[in-house]
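Notes to accompany the following structure.
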Amino acid sequence: MVRTAAALIIGNELLSGKIQETNLKLLAEELFGLGVALRRVVICPDEVEVIAGELNALRCRYDVVFTSGGVGPTHDDVTVEAVAQALGRPVVRFAELEELLVGFFGPRLRARHLRMADLPEGAELVRAREGGWPVVKVDNVYVLPGLPEVFRRKLPILRAVIPGSGAFVNRTLLLHCDEGEVADLLDRLVAAHPGVGIGSYPVWEGREFAVRITFDGKDEAAVERAAEALRSALPALPGSDPPQP
């Protein structure tokens, strides 16, 4: 059963601000629905040694690691080489992927396209039912594309193959008050409900402050008790309005 995960987001373009990173939110939402806790995120440049080092640190600590980016045909696509180095495996040509590339590109195929058929030896190809380009899995590492449109299409494959531990339950309340006004109350709630993750997020609505309180956990009854405890305590809080779901 997979309980924890990490993400290794790869790309000079992200670290330089040329491109806005969006895949992390998609992955986090998907893992939350599977009941897998995303515990760490690292963004690193397109450098083999750096990627390999970060990957080794993550894969030894978390159940699964997801990489994003660096799997295309150009000079800065070095993720496969880095994964192979981290796991101590050679890079080999996968005939099945080569065939897919030939069929997709046809007469536009160039030798550099075929780099995308090279993977660490022993890599597993995880496919969707309808076919198409597979997700690459090497040990506990899933190698995903960086292009957001393609990344999004790979998430259903993960949903089908990752044995999560049951989806997290979430409840959200919106309070029309300043975050500091409920800080002491939240401290008490956190202490009284240790099995529930309680988050506090300020919201700016025009010229008024509000605060969004979230309750997350695997036990729905426990999450409901924590949320109800906040609802019950609010009338005693000066200046607070009734919570909105």
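The values are calculated or read from the model by the stated rules, or taken from the named source; none is laboratory data. What you see is a predicted model; the values in this text were computed from it and never measured. When we count neighbours, we look across all protein chains shown, and the Cβ atoms used for this are built from the backbone with ideal geometry, even at glycine.
Kindly list the number of the only condition in (1) touching a Phe, Trp or Tyr at 6+ places or on another chain (Cβ under 9 Å); (2) surrounded by fewer than 14 Cβ atoms within 10 Å (Cβ to Cβ) that fails for L144.
(2)
Out of the range 1-18, which residues are β-branched (V, I, T) and at pLDDT 95 or above?
Initially, the range 1-18 is screened for residues β-branched (V, I, T), giving 2, 4, 9-10.
If the condition is that a residue be β-branched (V, I, T) and at pLDDT 95 or above, then T4, I9, I10 are the ones that fit.
Within the range 161-182, track down each residue that is closer than 15 Å to A210 by Cβ and either in contact (Cβ under 8 Å) with a residue 12 or more places away in the chain or charged (D, E, K, R) (or both).
At the first step, the residues of the range 161-182 found to be closer than 15 Å to A210 by Cβ are 172-182.
Selection gives T172, L173, L174, L175, H176, C177, D178, E179, E181, V182.
Condition test on R171, is it in contact with a helix residue (DSSP H, G or I) (Cβ under 7 Å, 6 or more places away or on another chain) and charged (D, E, K, R)? Even if it seems obvious, please write down each step before you answer.
On the way: in contact with a helix residue (DSSP H, G or I) (Cβ under 7 Å, 6 or more places away or on another chain): yes; charged (D, E, K, R): yes.
Answer is yes for this residue.
Pull up the range 183-226, narrow it to residues that are among the hydrophobic types (A, V, I, L, M, F, W, C), part of a strand (DSSP E or B) and in contact (Cβ under 8 Å) with a residue 24 or more places away in the chain, then point me to the one that is surrounded by the fewest Cβ atoms within 10 Å (Cβ to Cβ).
Let us first name the residues in the range 183-226 that are among the hydrophobic types (A, V, I, L, M, F, W, C), namely 183, 185-186, 189-192, 196, 198, 203-204, 209-211, 213, 215, 221-223, 226.
Applying the additional criterion that residues be part of a strand (DSSP E or B) yields 198, 203-204, 209-211, 213, 215.
Filter again for in contact (Cβ under 8 Å) with a residue 24 or more places away in the chain, leaving 198, 203, 209-211, 213, 215.
On the way: I198: 18, V203: 13, F209: 16, A210: 18, V211: 22, I213: 22, F215: 24.
Going through the qualifying residues, I end up with V203.
In the range 18-37, what residues are more than 16 Å from G166 (Cβ to Cβ) and either touching a Cys at 6+ places or on another chain (Cβ under 7 Å) or not acidic (D, E) (or both)?
Answer for the range 18-37, where residues must be more than 16 Å from G166 (Cβ to Cβ) and either touching a Cys at 6+ places or on another chain (Cβ under 7 Å) or not acidic (D, E) (or both): K18, I19, Q20, T22, N23, L24, K25, L26, L27, A28.
Only one residue in R108, R112, R93, R159 is within 27 Å of K25 (Cβ to Cβ) and either of a type in the set (S, T, N, Q) or surrounded by fewer than 16 Cβ atoms within 10 Å (Cβ to Cβ) (or both), so which one is that? Steps first, answer last, please.
Values: R108 fails: within 27 Å of K25 (Cβ to Cβ); R112 fails: within 27 Å of K25 (Cβ to Cβ); R93 fails: within 27 Å of K25 (Cβ to Cβ).
On inspection, the qualifying residue turns out to be R159.
What are the residues in the range 1-32 that are part of a loop (DSSP other than H, G, I, E, B), free of Cβ contacts under 8 Å to residues at least 24 places away in the same chain and among the charged types (D, E, K, R), if any? Give the derivation first.
Within the range 1-32, the first condition is being part of a loop (DSSP other than H, G, I, E, B), and the residues that meet it are 1-3, 11, 16-22.
In the following step, the residues that additionally are free of Cβ contacts under 8 Å to residues at least 24 places away in the same chain were identified as 16-21.
Hits for the range 1-32 are K18, E21.
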